[in-house]
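Written out below as structure tokens is the structure these notes cover.
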Amino acid sequence: MIIFKTKKEAKERLQKETIRPPHLLRLKGYGSLDYNCSCGEIHNIKEKHVSCKSSAKPFKALLRCENNFITMIKIEGFFKKKLISEYGFDSKIMD
Ligand SMILES: [Zn+2]
């Protein structure tokens, strides 16, 4: 996973995505899946404090955790899904 340290880097990467509203992915329907967060911890998408800020094509989601870190995850697999963390950043850099 790539961790962006500056707003410029994070914005440039996000501009390459096809960002869509979160409800288009229905992430909670995938059940219990862990992901490596850019804050250094592992979270589960079922946890209350993990929120989906946006979805992106294809099968990607921008997740925010309780430590206010943002991570772009990609859903992979057919029968057995797993989450691949592509990149992330501390949401503070976007202020
Ligand atoms: Zn986190």
Under 20 Å from LYS5, Cα to Cα: aspartates and glutamates that are on another chain or at least 8 residues apart: GLU17, GLU41, GLU66, GLU86, ASP90, ASP95
Karplus-derived HN-Hα couplings along the stretch 16-28 (A = 6.51, B = -1.76, C = 1.60, θ = phi - 60°), whole Hz, x at Gly and Pro: 7, 8, 8, 7, 9, x, x, 5, 6, 9, 6, 4, 5
Equivalent ellipsoid, the stretch 2-94 (semi-axes from 5 times Cα gyration tensor eigenvalues, Å): 20, 15, 11
Over the chain, relative contact order from alpha-carbon pairs under 8 Å, at least 6 apart, %: 31 percent
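Before rounding to the nearest 500, sum -39500 (n - 2.57) across all DSSP H runs of length at least 4 in the chain and divide by the residue total; then give [θ] at 222 nm in deg cm²/dmol. Could you put the intermediate results ahead of the total?
Numbers: 1 runs with 8 residues, N = 95.
My calculation for the chain gives -2500 deg cm²/dmol from helical runs alone.
Starting from 0.36 nm per residue, how many nanometres of slack lie between ASN68 and ILE2 once their C-alpha separation is accounted for? Walk me through the numbers on the way to the answer.
Numbers: separation 66, 0.36 × 66 = 23.76 nm, distance 1.67 nm.
Full extension of this stretch gives 22.1 nm more.
Can you compute the FRET efficiency between ILE19 and LYS48 using 1/(1 + (r/R0)^6), with r the Cβ-Cβ distance and R0 = 35 Å? Round to the nearest 0.05. Intermediate results must be reported in sequence, preceding the final value.
Working: r = 24 Å, r/R0 = 0.68.
Calculated value: 0.90.
None of the figures in this text is laboratory data; all of them are computed from the coordinates on show. Since the model is a prediction, treat every value here as computed from it, not as a measurement. Please note: Cβ atoms are built from the backbone with ideal geometry, for glycine as well, and neighbour counts cover all protein chains shown.
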